[in-house]
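S.K.: If you scroll down you'll find the structure; I have some questions about it.
Laboratory data are not the source of any read-out in this text; all were calculated from the coordinates shown. Since we're looking at a predicted model, the values are computed, not measured. All Cβ positions, glycine included, derive from the backbone under ideal geometry; neighbour counts span all protein chains shown.
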Amino acid sequence: MSIQWFPGHMHLTRKAIGERVKEIDVVIEMLDARLPGSSANPLMAELTSGRPTLKVLNKQDMADPARTALWLAHYNAQPNTQAIALDASNTAPARAIIDACHHLAPRRGGMVKPMRVLICGIPNVGKSTLINTLKGKRAAKTGDEAGVTRTESRIALADDFYLYDTPGMLWPRIVVPESGFNLAASGAVGKNAYDEQEVAYELLALLKADYPALLEARYKLGRAPEAYAQAHEEELIEAIGRQRGALAGGGKVNMQKAAELVIADFRALHIGRITLETPEQFGRWMKAGLKS
Ligand code: G4P
């Protein structure tokens, strides 16, 4: 079974983004650095084709730095695209964003041709956090200046630099099952859309292959990395549940509770900084998904 995710109606959002993009110089696409490929909505590429794009890999503090570097290189090699990694603890992201946009649209800037930037991202990717940080900085700087226009959807980052929020809701779109599981593990899709045990199995399948040392450091099962790689996910969940006291009656492990515990540990960074997909893996999933 894959993730049963039926997002809200995208028709209006699609139309609104399509309209707005006509007056936009650069599109900022916010992605979750732990799952950059899966947290992108494929609709964006279609609606913004041709527009210079800044990919912001947010939550980099939660992601594997080596894999973030791979994703940055992957996006930076694409035409008309630049990528930067950010996190909420970065209190001055505006400079990096402004610089990257000027690099992408060098002819824009100045009062006559101000830079117009649209910021998009699926829910939970950190868009409000970033917008609030940017707003806060600007408000602190220009709070008592007259004439600073700031409507709900338009934020002036500088006198000649306007940031527009996405009109409508950009839901994640699950193109391949692997993306669905990664989105579910990250918390980007609703709880009703997935089965925790299934998501925990898929999560452990990735972790035992790529991050066995982190699993051992967290759960202390006394196993070497190769032993994790060889273990079946169900057996691992059971061992973790037993170790952490997720028990049902009769000394049995409560597998549901154990699965929830692993997912919660991943989300809370208790297992460590993890990125669930590399550009190469994601490319492979997409190829296989499109063929089938
Ligand atoms: P959205 O507008 O795209 O839906 O996302 P939002 O900013 O609401 O962020 C979703 C969650 O992700 C929030 O946590 C927020 O604090 C967290 N977050 C955003 N950016 C970062 C980041 O760069 N690093 C980390 N570690 N977390 C980030 P929450 O638990 O939903 O709320 P709260 O903890 O802020 O109360």
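S.K.: What is the percent of Cα-Cα separations in the chain that go past 27 Å?
M.R.: Working: 19250 of 42486 pairs.
For the chain, the fraction of Cα-Cα distances above 27 Å is 45 percent.
S.K.: Also, I was wondering about something else. Could you give the length gained by full extension between residue 154 and residue 103, i.e. 0.36 nm per residue of separation minus their alpha carbon distance, to one decimal place? Walk me through the numbers before you get to the answer.
M.R.: Details: separation 51, 0.36 × 51 = 18.36 nm, distance 2.13 nm.
Using 0.36 nm per residue and subtracting the Cα-Cα distance, I get 16.2 nm.
S.K.: Across 10 Å bins from 0, what is the distribution of all Cα-Cα pair distances for segment 11-165, in whole percents?
M.R.: 10, 42, 37, 10, 1
S.K.: Which residues does the label zone of residue 256 cover in segment 198-234, counting backbone N under 18 Å from a point 7 Å along Cα→Cβ?
M.R.: Counting backbone N atoms under 18 Å from the label point, the list is 198-201.
S.K.: How large are Rg and Dmax for segment 1-63 when only the alpha carbon atoms are used, in Å?
M.R.: Reported Rg and Dmax, both Å: 13.5, 42.
S.K.: If each residue of separation counts as 0.36 nm, what is the full-extension length gain between residue 91 and residue 23 once their alpha-carbon separation is subtracted?
M.R.: 21.6 nm
S.K.: Something else now. Take peptides 92-100, 173-181 and line them up by average Cβ neighbours within 10 Å, highest first, as a rough protection proxy.
M.R.: 173-181, 92-100
S.K.: Longer than 22 Å from Cα to Cα, which of 191/257; 59/135; 15/59 are they? Say none if no pair is. Can you show the working numbers first?
M.R.: Values: 191/257 15 Å; 59/135 19 Å; 15/59 29 Å.
Beyond 22 Å: 15/59.
S.K.: Then there's this: What percent of all Cα-Cα pairs in segment 195-291 falls into each 5 Å bin, going from 0 up to the bin containing the maximum distance?
M.R.: Percent of pairs per bin, in order: 2, 14, 22, 23, 18, 10, 6, 3, 1, 0.
S.K.: What share of the DSSP beta bridges in the chain is antiparallel, in percent to the nearest 5?
M.R.: 25 percent
S.K.: Treat every Asp and Glu Cβ in the chain as -1 and every Lys and Arg Cβ as +1, leave all other atoms uncharged, and give the resulting dipole magnitude about the Cα centre to the nearest 20 debye.
M.R.: The dipole of the chain has a size of about 660 debye.
S.K.: Explain nothing, just compute: Karplus ³J(HN,Hα) = 6.51 cos²θ - 1.76 cosθ + 1.60, θ = phi - 60°, for every residue of segment 263-271 in order, whole Hz, x for Gly and Pro.
M.R.: In residue order, the calculated couplings are 5, 5, 4, 4, 5, 8, 6, 6, 8 Hz.
S.K.: Further question on the same structure: Within a 10 angstrom radius of the beta carbon, how do 19, 29, 216, 202 rank from fewest other beta carbons to most?
M.R.: Values: 19 11, 29 26, 216 16, 202 22.
Result, fewest neighbours first: 19, 216, 202, 29.
S.K.: Using alpha carbons only, how many degrees (0 to 90, rounded to 10) separate the axis of helix 233-243 from the longest principal axis of the chain?
M.R.: 80 degrees
S.K.: Then there is this: Would you mind computing, in nm to one decimal, how far apart the modelled labels at residue 169 and residue 132 are, each placed 7 Å from Cα along Cα→Cβ?
M.R.: Inter-label distance under the simple model: 1.9 nm.
S.K.: Which part of segment 18-37 falls in the paramagnetic zone of residue 269, meaning amide N under 16 Å from the point 7 Å along Cα-to-beta-carbon?
M.R.: 32-35
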